[in-house]
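Below is one structure; the comments refer to it alone.
Laboratory data are not the source of any read-out in this text; all were calculated from the coordinates shown. Model, not experiment: these values are computed from the prediction. Counting neighbours? That spans all protein chains shown, and the Cβs are built from the backbone with ideal geometry, glycine included.
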Amino acid sequence: MNVFIVYAHPEPRSLNGALKDLAVETLTGLGHTVEVSDLYAMGWKAQADGADFLDRADPGRLSYARESGHAFAAGTQTPDVTAEQEKLLWSDAVILQFPLWWFSMPAILKGWVDRVYAYGFAYGVGQHEGERWGDRYGEGKLAGRRALLSVTMGGRAPHYSTRGVNGRLDDVLFPIQHGILFYPGMAVLPPHTVFQANHLPDDRWQEIAESWRARLRGLFDEAPIPYRRQNAGHYDTRQVLKPGLGTGEGGTRIHLLQPGEPSERPIGAQHQRADRHQ
């Protein structure tokens with residue numbers, strides 16, 4: 001299988017760097033082919049601006065989404081963006097390796113998403129009518145791939161619990177896991193986390209390394225997070241969850257299939273995509 005790692009940390013000798021290197025070693029040892037985009041080493045341009053477009057559809061006023069779609073359709077994207085899109089299409093699994101900074105990903109990784117997720121590539125795909133608002137949330141150009149976040153954070157695990165001061169970890173990561181990975185179609189695995197990353201005693205590395213190896217060994221076998229697919233009949237024409245679904249849950253957790261709920265609810269003809277590794 002092909003595994004694409006997007007790595008975002010400025011220090012190669014960091015814990016994130018060690019986890020990235022261990023992933024490459026473990027996955028290649030399992031027979032997989034691995035490609036790494038080391039964003040800091042690449043000098044990745046994080047800001048999304050007019051310099052991203054070699055041939056503007058409207059030179060007078062910048063609409064980033066419109067110009068993104070024009071460049072993608074016309075084949076005039078900058079080479080760095082095209083190269084990252086090709087890596088995504090080549091992959092069977094995508095791993096994002098990064099530290100949690102201010103409850104999100106580092107700016108350089110967010111800038112990678114902003115520029116690589118072009119209109120017509122990651123969004124603005126498929127028909128928009130009735131209960132279909134395009135091929136997204138479980139469908140799209142990246143369907144059939146698996147995605148995994150490997151995240152380090154300075155806080156303790158209880159800080160990210162149901163009553164923890166930082167909020168539940170699945171809520172903190174929801175914009176990334178559901179909004180960035182599931183949106184264009186990827187099946188998202190539960191995140192791999194290392195807490196108290198700034199205060200790790202040396203003797204914890206073996207424990208951390210073995211835990212990471214175990215997750216990597218199950219990369220193509222582990223069950224993904226059971227997010228509801230947008231076009232599976234769970235949402236109405238306003239894209240609001242239909243009555244009777246998500247009972248007993250709240251917040252972002254209503255967008256998870258609940259025990260006993262069917263994965264598909266009839267809404268007439270639908271075209272469906274499956275995770276090819278399930």
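Within the stretch 99-148, the set of residues being closer than 19 Å to LYS20 by Cα and without any contact (Cβ under 8 Å) to a residue 60 or more places away in the chain comprises TRP101, ALA147.
Anything in the stretch 182-231 that is assigned to a helix (DSSP H, G or I) and among the hydroxyl-bearing types (Ser, Thr, Tyr)? List them, or say none. Break it down stepwise before answering.
Filtering the stretch 182-231 down to residues assigned to a helix (DSSP H, G or I) leaves 182, 197-199, 202-217, 230-231.
SER211 - this is the single residue of the stretch 182-231 that is assigned to a helix (DSSP H, G or I) and among the hydroxyl-bearing types (Ser, Thr, Tyr).
State the number of residues belonging to the stretch 117-174 that are among the charged types (D, E, K, R), within 26 Å of GLY233 (Cα to Cα) and in a loop (DSSP other than H, G, I, E, B).
The initial filter retains those residues of the stretch 117-174 that are among the charged types (D, E, K, R), namely 129, 131-132, 135-136, 139, 141, 145-146, 156, 163, 168, 170-171.
In the following step, the residues that additionally are within 26 Å of GLY233 (Cα to Cα) were identified as 129, 131-132, 135-136, 139, 141, 145-146, 170-171.
Pick out the ones that are also in a loop (DSSP other than H, G, I, E, B) and you get 131, 135-136, 139, 141, 145.
Summing the residues that are among the charged types (D, E, K, R), within 26 Å of GLY233 (Cα to Cα) and in a loop (DSSP other than H, G, I, E, B) in the stretch 117-174 gives 6.
Scanning the stretch 83-110 for residues that are in a helix (DSSP H, G or I) and either charged (D, E, K, R) or crowded, with 16+ Cβ neighbours inside 10 Å (or both) turns up GLU84, GLN85, GLU86, LYS87, LEU88, ILE108, LEU109, LYS110.
Whenever a residue of the stretch 199-227 is over 20 Å from SER14 (Cα atoms) and in contact (Cβ under 8 Å) with a residue 40 or more places away in the chain, its partners that are aromatic (Phe, Trp, Tyr) and not in a loop (DSSP other than H, G, I, E, B), lying with C-beta atoms within less than 6 angstrom and at least six residues away or across chains, give the pairs TYR227/PHE182. Here VAL113 fulfils each of the conditions (1) in a loop (DSSP other than H, G, I, E, B); (2) under 25 Å from TRP101 (Cβ atoms); (3) β-branched (Val, Ile, Thr) apart from (1).
Scanning the stretch 209-244 for residues that are surrounded by fewer than 18 Cβ atoms within 10 Å (Cβ to Cβ) and either among the hydrophobic types (A, V, I, L, M, F, W, C) or on the phi > 0 side of the Ramachandran plot (or both) yields a total of 8. The stretch 1-82 holds helices (runs of 4 or more DSSP H) entirely within its bounds, and those carrying 1 or more residues that are surrounded by fewer than 20 Cβ atoms within 10 Å (Cβ to Cβ) and over 23 Å from the mean Cα position of the chain (by Cα) map to 15-29, 64-74. Looking across the stretch 131-171 at every residue that is of a type in the set (Lys, Arg) and over 19 Å from SER211 (Cβ atoms), the one that is surrounded by the fewest Cβ atoms within 10 Å (Cβ to Cβ) is identified as ARG163.
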